[in-house]
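Here the structure comes first, spelled out in structure tokens, and everything after it is commentary.
The values are calculated or read from the model by the stated rules, or taken from the named source; none is laboratory data. Since we're looking at a predicted model, the values are computed, not measured. All Cβ positions, glycine included, derive from the backbone under ideal geometry; neighbour counts span all protein chains shown.
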Amino acid sequence: MNLISALLLGLGLVFWLWGSAPLLGKESVLVKLHGLSVADTLGSALIVLGLLLRGSREWPLLLLALLTLVVWNTLLGHVLAAVAQPPPVRRERP
């Protein structure tokens, strides 16, 4: 169980670093932000799962952190995408 936990913790760290690397690229800010948020959410979720497998006494808090992490990052991504879209063009009828 400790080996699986260590693998999840390491994989979570890899996702954190992998999501941060494209920030130096030349894509638009929204593309960079999307990649970062997806990798960060996945990496953080894997780290919390790795901690859960360690048999911690704080498992209710870790489950709450995992749920909050997934819901918060998903909703924040949708809000940012909605805000970033240009407003629809209204054409008046003659």
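Numerical summary
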quantity	calculated
Residue within region 33-53 that is over 18 Å from the mean Cα position of the chain (by Cα) and surrounded by 15 or more Cβ atoms within 10 Å (Cβ to Cβ) present	yes
All positions within region 13-32 that are assigned to a helix (DSSP H, G or I), exposed (fewer than 14 other Cβ atoms within 10 Å of the Cβ) and in contact with a Lys or Arg (Cβ under 8 Å, 6 or more places away or on another chain)	L23
Selected residue (criterion: nearest to G77 (Cα to Cα)) from residues of region 42-59 that are of a type outside the set (K, R) and at pLDDT below 85	W59
Members of region 17-72 that are hydroxyl-bearing (S, T, Y) and closer than 20 Å to L7 by Cβ	T41, S44, S56
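Residue-wise test of (1) more than 23 Å from G19 (Cα to Cα); (2) touching a Ser or Thr at 6+ places or on another chain (Cβ under 8 Å); (3) not in a helix (DSSP H, G or I).
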| position | (1), (2), (3) |
| --- | --- |
| L51 | no, yes, no |
| R57 | yes, no, yes |
| L66 | no, no, no |
| V83 | no, no, no |
